Structures are given as C-alpha cells and as structure tokens.
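The values are calculated or read from the model by the stated rules, or taken from the named source; none is laboratory data. Quick caveat: nothing in here was measured; it's all calculated off a predicted structure. Cβ placement follows ideal geometry from the backbone for every residue including glycine, while neighbour counts extend to all protein chains displayed. Just so you know, the surface numbers come from the protein's heavy atoms only, side chains and all, with ligands and any DNA or RNA stripped out. Shrake-Rupley method; radii C 1.70, N 1.55, O 1.52, S 1.80 Å.
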Amino acid sequence: MPGGGRCPDCGSTELVEDSHYSQNQLVCSDCGCVVTEGVLTTTFTDEGNLREVTYSRSTGENEQVSRSQQRGLCRVRDLCRVLQLPPTFEDTAVAYYQQAYQHSGIRAARLQKKEVLVGCCVLITCRQRNWPLTMGTICTLLYADLDVFSGTYLQMVKLLGLDVPSLCLVDLVKTYCSSFKLFEASPSVPTKYVEDKEKMLSRTLQLVELADETWLVTGRHPLPVITAATFLAWQSLRPSDRLTCSLARFCKLASVDLPYPASSRLQELLAVLLRLAEQLAWLQVLKLDKRSVVAHVGDLLQHRHTLVRKAFRDGTAEPDALDAREKELQGPGQGQGWGKEDRGDGSVDLPAGKRPASPALLLPPCMLKPPKRICPTPPVSTVTGDENISDSEIEQYLRTPQEVRDFQRAQATRQAATSVPNPP
C-alpha cells in the first residue's frame, strides 16, 4: 500500500485494493477488515493517507451530468429507436446533444426548448446522412410547436457550425405521402377512396415536378405544394368518385393536417393545368374549368415537357414574329393559297382590335400577384405663421421695393437704439 497505511484492527500493512461491484475498496489481506469503503478516485494525495475526500474536492464534480441532460440523452435514444434509425445515427445524435448542451444559451434555456433540442439533433443527423425525415414528423412525435422547433434548429446549426444539406424534394414527397392513411381500407376510409400507393406516388411526383418547373415551389414551403399535388393526383386517378371530395375532407380522411396555404397552391396548380390544356388539340374543343380539367391530368402530365415549352414560347413571342416565322416555313414554292384557310386560323382575318386576346403569360406567382408595397406617408408639417424667422431668411420674404425700404429703415433704427449708451 503506497503511503504506509496500516490496518486499524491488526496493525498489518498488507492492504490490497479489492473491486466490489465496480467500487474500489481497501481490504486488509490478513484479517479481512475493510479499511476504506467507497473512496472516490481522485488525484489528491489524501487517499494515500486513507483520508476521506469530499465530493466537492474530487474530480467527479467535473464529470457530473445534470438530470436535465440525462433526461435529454434518454429522449434522444428513445426517439432514434422509435424511428428505427441505425445505431450510428443514435451515436451521432447523442454526440450533437452533448455538444449543444455545453453552450450556456442552451443549458439555461426553458424546458420546452430543451425538449425540442432532442428532435433537432435527430433531424440534423438524418439530414446529413440523406435519411428522409421531415420536421413535421418530429414535431408530431414530440408534440412540439413548429415555430419553436425551426428557431431552435437554426440556432443549433449556427452554434455548432454544422453543414446540413437540404432534403431532396423527391425524398420529401415519398416520405410525406407515405404518412397518408389512404392505401388500406378502414372504417373511416370508404372503398372508393382507397388508392394504390405506387400509382398515387408516381402521379404526385409528376405534379410536383410540374409545379417546380412553373415556379410554384420557388421560395415557398414545400408541404402545402405537396399536399395540393397529392390531392390532385388522388382525384385524377378516379375522378368520377372523388371530384365531390374537398381538400379539407381529403386531409381528414388521410389523417394529416391541412396546411393553411394548401388551398392557394391548389388553385395555382389548377390554373397551370388549364393553361397547358389550351395547348392540346383534343382539349381545345372542350370548355374546361378547374373542376373538369382534373379528369385530363394524365394526358397533361404525359406531354408536360412539350406543353410547358410551348406555353413559354407562345407567351413570349410577338404576333408579327410568329407571322414572319410562318412565312419562312411556307417557302418560295408555296403560294399564298396555303396559310389562313388551311391552318384553320380565322382570327387572322379579323381586324387587330377584334382578334381574341392572346393567352396569359406563364409567369411566376410573384409577378402575377406582386405583394402590395406600403406607401410611406409624408410627414405632416403644420405652418401657423408664428414661427421665428432668422435674419438670413428675411430677405427671401421681401417682394416689393417698399418692403425693402421699410426693412432697411427698421434696421437703421435698431442700430441707432443699440448704439446710444444707457443714461446713468
């Protein structure tokens, strides 16, 4: 035994360390007396002299983990197991939680923010490993507010200096659509509303790609757009049975929340489909509206690349340029007999003022409906006439020669009055 300790019973110096239940003890090898029990492992020399070391002076104080941090670490592990994430994901999420908890701003935060921090660590881990997981899914599992979660997420990314890639739109569509409860018959979902998952997912992806090509996704939250696209895909697969179902009822049947802007995104997507329907010859004879165009979504998506290019070209080209291009296509060998009658365009024979209006331009929503700018109100200046006028500005108010003479006379009188000394 270093330090020359002796057994208090027999006086022997044969003291050995015995680990009992992972707790080091000093035991006399001659009589079996326990000399010290539960001595903390420190760097202090008091242990060599068989003196008890208080916990506040030991190195164990620096290794203390608070109850709040222990509860948070358990919550991180439980959330990873609920989501069935690989073990490496769990280790990374726990490491991020421990790093974030070292910052004073996180350690002194409210309990609600610490609960949200658990989901932020798991979300960052999944995003870095391209695991499809949405912020809304974690908020649902943790019963957390979305605004608090997003603020904590951004704060954590900034504090730790992490590089978190954004979730791919295709993966987001697959993950979000998988949460819809419309793929199996149940007492709450009628049979006519049940749809095949692969068909619905394929058409939803095509509609989301169309929305991306027409600027409906740019600068916006993706979930309302995906909700509207999923609803249209679901309706278009069996329009005869589902056209009477509203978007709110659809979300209720699917057991998902209805995002507030989803109705506006649905109207914008229907407007784009109507614009593309004007380019198909067999749909031009039909008077389609936002309700009847749903039945032809399959045809529009099949030719969407050509229709989108044609809509852009027709919207930006001038009529004179189109006529010149058509004359070039006719060629010198073809007379003037080919043209207006053969192509069936009777609107060219009409005067310029009576021709039908050209189709609306396919523009981003921010250009079609620009936000209203607040006009600053000019400052109100009330002039009463009692304001003081400086001598340098008086000359600006003199108009007639008589006013100039009166002003000079008044100045001379004032100077004379100031030059006369006061009587004693």
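Annotations
- All helices (runs of 4 or more DSSP H) inside segment 206-321 with 1 or more residues being more than 32 Å from the chain's Cα centre (by Cα) and exposed (fewer than 13 other Cβ atoms within 10 Å of the Cβ): 239-242, 281-284, 304-316
- Filtered residue count, segment 252-272, keeping only those that are free of Cβ contacts under 8 Å to residues at least 40 places away in the same chain and under 14 Å from H296 (Cα atoms): 2
- Options T140, T191; residue that is open to solvent by 60 Å² or more (accessible area, probe 1.4 Å), hydroxyl-bearing (S, T, Y) and more than 30 Å from R107 (Cβ to Cβ): T191
- Residue match in segment 142-155 (condition: more than 22 Å from L169 (Cα to Cα) and in contact (Cβ under 8 Å) with a residue 40 or more places away in the chain): yes
Condition check ((1) modelled with pLDDT of 90 or more; (2) in the same structural domain as R304 (by the TED database)) across all residues:
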position: A108; (1), (2): no, no
position: C120; (1), (2): yes, no
position: L123; (1), (2): yes, no
position: C126; (1), (2): yes, no
position: T137; (1), (2): no, no
position: S179; (1), (2): no, yes
position: E195; (1), (2): yes, yes
position: K199; (1), (2): yes, yes
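- Candidate set from segment 143-172 (those that are assigned to a helix (DSSP H, G or I) and over 15 Å from the mean Cα position of the chain (by Cα)); member that is surrounded by the fewest Cβ atoms within 10 Å (Cβ to Cβ): K158
- In segment 127-142, the residues that are assigned to a helix (DSSP H, G or I) and either farther than 11 Å from E115 by Cα or more than 15 Å from the chain's Cα centre (by Cα) (or both): R127, Q128, M135, G136, T137, I138, T140, L141, L142
- Residue within segment 91-111 that is in contact (Cβ under 8 Å) with a residue 12 or more places away in the chain and under 19 Å from the mean Cα position of the chain (by Cα) present: no
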